[in-house]
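J.: One structure, as structure tokens, below. Some questions next.
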Amino acid sequence: MSPQADNKIQNLVEMLVKSYREEADIIKIEAKNQINKAVVVDIIEDLRCLIFAGFFGRKRLKEDGLEYYVGELLENLLYNLEKQIRRALRTRGGREVRIAAEAERITHVFLGKLPRIRSMMATDVDSSFDGDPAASSKDEIILSYPGIYAILVSRLAHELYQLDVPLIPRMMTEHAHSLTGIDIHPGASIGHHFFLDHGTGIVVGETTIIGDYVKVYQGVTLGALSTRGGQILNGVKRHPTIENHVTIYSGASIFGGDTVIGEGVVIGSNAFITKSVPEKTRVSIRNPELQFKMDEKNQSVEFQQGEFWDYVI
Amino acid sequence: MSPQADNKIQNLVEMLVKSYREEADIIKIEAKNQINKAVVVDIIEDLRCLIFAGFFGRKRLKEDGLEYYVGELLENLLYNLEKQIRRALRTRGGREVRIAAEAERITHVFLGKLPRIRSMMATDVDSSFDGDPAASSKDEIILSYPGIYAILVSRLAHELYQLDVPLIPRMMTEHAHSLTGIDIHPGASIGHHFFLDHGTGIVVGETTIIGDYVKVYQGVTLGALSTRGGQILNGVKRHPTIENHVTIYSGASIFGGDTVIGEGVVIGSNAFITKSVPEKTRVSIRNPELQFKMDEKNQSVEFQQGEFWDYVI
Amino acid sequence: MSPQADNKIQNLVEMLVKSYREEADIIKIEAKNQINKAVVVDIIEDLRCLIFAGFFGRKRLKEDGLEYYVGELLENLLYNLEKQIRRALRTRGGREVRIAAEAERITHVFLGKLPRIRSMMATDVDSSFDGDPAASSKDEIILSYPGIYAILVSRLAHELYQLDVPLIPRMMTEHAHSLTGIDIHPGASIGHHFFLDHGTGIVVGETTIIGDYVKVYQGVTLGALSTRGGQILNGVKRHPTIENHVTIYSGASIFGGDTVIGEGVVIGSNAFITKSVPEKTRVSIRNPELQFKMDEKNQSVEFQQGEFWDYVI
């Protein structure tokens, strides 16, 4: 490299190091390693291989190789997950020996929940199959449905969130968000037989509670209605409660921590809800009036749209 | 590892293996290997290198190296695609020798369709260039437009869908969905000069039929209107028919298997359509009435929005 | 391989090569290498490691290793970025020696802007933290928020866009679009303290101007209102101007190059705006009227929704 180019680089280095002194909030200088996002993604993949065994691993799963298959994945997980949890816990400070013990405890409690998560996921796959005329088999759902992936990651992340692990749960759900367009906060609590169809644009806020047999379509927001509280609202119930057997069609928005959508309710496409809805009600927006124009004669035409209550994409 | 830790792992292994017995639907134990998603993604990439030759491969494409370039990609594809199709066909059962012959036949028929798909893609690139003032060159469109990627994968997957290959077509379109936010079912039939702008949130259902010169913007749903048929509706025409030269602006939803959007129709942003629209009609929602509040005087203000019919983002 | 199979491949090769002659627009045969998308992604990652130093690199960042850390990343960047910019500039033609000099100049000017981009990003992280009750730390925001990633890439790409680099800026923002569902054109100009929450489905057009302290929620479109100009409109201001301290809630659409959203305005969810809004105004759609049906008695129920102005998800 020429001395001139060398000099230019030296200038850039100095400018950046100066910037690190000035904006110290967005730089991380530590004695210990940081959480590694690539390892967090590997952990999700290993967990998926345990839950949907035989579908995603590189190796063939044989009847007499089950224990070996599980054992190998679990050893990997114990090592990687404990290490990343330790790093996450360190961001809260405390003695290293306590952090290590706590990381070990959390890892084992979490892994002990996997059989329960498997049972939940089996109900979610059932719901996707029963609810979607385009599904040709359960294999197809497990192998390709983004809703199943987002629900899986959100169930896993929710357990770590409840075990009070910092950073990792949100990194996990944001990874799923990136792959699916489905943004479920790890704080959200979700019942069994959950079905997300298409999924892109779905937002489920931190304090949402979702019952059993709930179906949610693309573009649905379960959000907060507030008065600019910002950090003051941290921890407050801000998002709705959705009871059992509720269906929420595409583009609908439901806001507010006191909003309860009662059992069996059907919320129509694009509805905007900020109050509770009593059980067994079907809610629909009155279709926005349509205007018609013909290119040639420029005449107005009436256009009657019937009422409708159920649509599945 | 300590005997205690070893014991904990052993417990976890037993719990999971027990769970595999109980939830047998979501585990895959087979004598043969499963479809490998990573290979399906490689297949898409190799097909893209064939279609948009010279744009994506790692190697420089030279005039006198064309045949070698194509030959090498095709040999890869023949090997990988045939193998994955064989695995997909096995999920339906049948004799191995028939499966192998069928996989070979399908692979060759499919690859023979590539020149036709190239011609279609050339029209799609033209449409993107002509329709988008922000496009600075066709190279930019091929290298970076998510709509082009989603259309490409959906044209490829549709051919495999029509050849009745299980699992792989949907895995392909869901991969594109993951990368683009555009969810086109491989069953959808799409004409030439198709233009998807921005694309995030677009949903095109399985039995949709789309004509030539159609433009679709972000957040559009072409969906089904139904009465909770679930699996009973499998195979029934449930999604709309869009005729030639139709433009559908952002956020519009069109539902129903009998809904036909006639030639030359323009559907305005956020319109919600459940009935057929005659040709050459421009449809717009009457803009939702707006409410205004001034912070200081709290007075209401009138706000006139003109009519409008064409907007391009 | 059997002679028969060999023959089939030869036929496919010939068909494709023939197709390359016929559809020459979508093939790239050149004496020089093309822009490599994987390297463009590596460049984004290296730039992110410089901006959020210590958060994403594989190596631990130590106080006394700062200069070395920066120097190593910068040398990588100088090499890779200059090379890709050279390839991009070549698509416009011209003498190789001028292209090389121009690529070197642009690369240095661009890298010199990094400290300024760091300062801007620090304000964006602050805005995310202050505005989102679900954010538990700034680390969480940097490590996992898609909005921060999309803003970062868009700030970087905007500098290259202003330096008139072809192809690469849009490849960068489309990579971010793919990962986040947030589609910001590199031409858009964005002030400090920018906050994108959730983000999926956001579209920000090429000629948009955004002030300081602006918040934008999922599904918002800042688009163009036009009369089918296509390429004729290239370069014309087609997208809105958003002044300081504006908040735009989920699903709202704002169209038109003459549309100015004044300082301090709040735009409610799903509003559809095609005219300017004076400063300090709060705009909301009158909630679409809701229809209720009870399953059992089929009776209509009144449902009062209050007015509301602020909601945060």
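Read the figures in this text as sums done on the coordinates, not as results from a lab. Remember, predicted model here, so these are calculated numbers, not experimental data. Ideal geometry is used to build each Cβ from the backbone, glycine not excepted, and the neighbour counts take in all protein chains shown.
J.: Greater than 28 Å separation of Cα atoms is the criterion. Which listed pairs, B:Lys138/B:Lys215; A:Lys83/C:Lys138; A:Lys62/C:Lys59, meet it?
T.: A:Lys62/C:Lys59
J.: List the extent of the Cα atoms of the protein assembly as shown along each of their three principal axes, largest first, rounded to whole Å.
T.: Per principal axis, max minus min of the Cα coordinates gives 71, 68, 65 Å.
J.: While we're on this one: If you take the alpha carbon radius of gyration of segment C:121-190 and divide it by 2.2 N^0.38 Å, what ratio comes out, to two decimals?
T.: Cα Rg divided by the expected 2.2 N^0.38 Å: 1.16.
J.: Report the antiparallel proportion of the DSSP beta bridges in the protein assembly as shown as a percent, rounded to a multiple of 5.
T.: In the protein assembly as shown, approximately 15 percent of DSSP beta bridges are antiparallel ones.
J.: Moving to a separate point now. Quick check for me: using +1 on Lys/Arg Cβ and -1 on Asp/Glu Cβ, what's the dipole size of the protein assembly as shown about its Cα centre, in debye to the nearest 20?
T.: Value, rounded to 20: 1020 debye.
J.: To continue, here is another question. Amide H neighbours of B:His193 under 5 Å, counting only residues 5+ apart in sequence or on other chains, H built in-plane at 1.01 Å?
T.: B:Thr123, B:Asp124, B:Tyr213
J.: Taking segment B:211-276 on its own, what percent of its Cα-Cα pair distances exceed 15 Å?
T.: Distances greater than 15 Å cover 50 percent of the Cα pairs.
J.: Next up: Multiplying the sequence separation of A:Lys275 and A:Asp64 by 0.36 nm and subtracting their Cα-Cα distance, what value in nm do you get?
T.: The A:Lys275-A:Asp64 span can extend by a further 70.5 nm.
J.: Still on this structure, I have one more. Under a GNM of chain A (C-alpha, springs under 10 Å), which listed residue has the highest mean-square fluctuation: A:Lys59, A:Lys113, A:Lys83?
T.: A:Lys59
J.: Then there's this: Build a GNM of chain B with springs between Cα atoms under 10 Å: which of B:Ser276, B:Ser137, B:Ser154 gets the top mean-square fluctuation?
T.: For chain B, modelled as a Gaussian network with Cα springs under 10 Å, the answer is B:Ser137.
J.: Now for a separate question. With the Cα gyration tensor of chain B in hand, give its eigenvalues times 5 under a square root as the equivalent ellipsoid semi-axes, listed largest first in whole angstrom.
T.: Working through the eigenvalues yields semi-axes of 40, 29, 22 Å.
J.: Given H placed 1.01 Å from N in the peptide plane, which residues other than close sequence neighbours of B:Ala271 have an amide H under 5 Å from its amide H?
T.: Those lying under 5 Å, H to H, from B:Ala271 are B:Ala252, B:Ser253, B:Ile285.
J.: Could you work out how far the C-alpha centroid of segment B:101-176 sits from that of segment C:85-101, in angstrom?
T.: 32
J.: What is the sum of charges around B:Glu63, taking Lys and Arg as +1, Asp and Glu as -1, for the other residues whose C-beta is under 15 Å from the C-beta of B:Glu63?
T.: Taking every Cβ under 15 Å from that of B:Glu63, the sum is +4.
J.: Let me ask something additional. Sort shortest first the distances from A:Glu263 to its counterpart in every other copy, using label points 7 Å along the Cα-to-beta-carbon line, and give them in nm.
T.: 5.5, 5.5
J.: Starting at the first residue of segment C:62-69, write each ³J(HN,Hα) from the Karplus equation 6.51 cos²θ - 1.76 cosθ + 1.60 with θ = phi - 60°, in whole Hz, x for Gly and Pro.
T.: After applying 6.51 cos²θ - 1.76 cosθ + 1.60, I find 10, 3, 7, x, 4, 5, 5, 4 Hz.
J.: Mind grabbing the base-10 log of I(q)/I(0) for segment C:95-146 at q = 0.12, 0.15, 0.22, 0.28 Å⁻¹? Debye formula, identical points on the C-alpha positions, no solvent, two decimal places.
T.: Taken in order of the listed q values, log10 I(q)/I(0) reads -0.46, -0.57, -0.78, -0.99.
J.: Taking amide hydrogens as modeled 1.01 Å from N in the peptide plane, which residues meet the under 5 Å criterion relative to C:Glu30, leaving out close sequence neighbours?
T.: Residues meeting the amide H criterion: B:Leu61.
J.: Oh, and also: Can you give the relative contact order of chain C as a percent, counting alpha carbon pairs under 8 Å and 6+ residues apart?
T.: Once normalised by length, the contact order is 9 percent.
J.: Sorted from shortest, what are the nm distances separating the label point of A:Val41 from equivalent points in the other copies, each placed 7 Å from Cα along Cα to C-beta?
T.: 0.8, 0.8
J.: Along the Cα→Cβ direction, 7 angstrom out, place labels at C:Gln10 and A:Arg286. What is the inter-label distance in nm?
T.: Once both label points are built, they end up 7.4 nm from each other.
J.: Roughly how compact is segment C:31-181, stated as its Cα Rg over 2.2 N^0.38 Å to two decimals?
T.: Compactness ratio reported: 1.10.
J.: For C:Glu22, which inter-copy label distances result when the label point lies 7 Å beyond Cα on the Cα-to-Cβ vector, reported in nm to one decimal and in ascending order?
T.: Reported distances to equivalent positions: 6.0, 6.0 nm.
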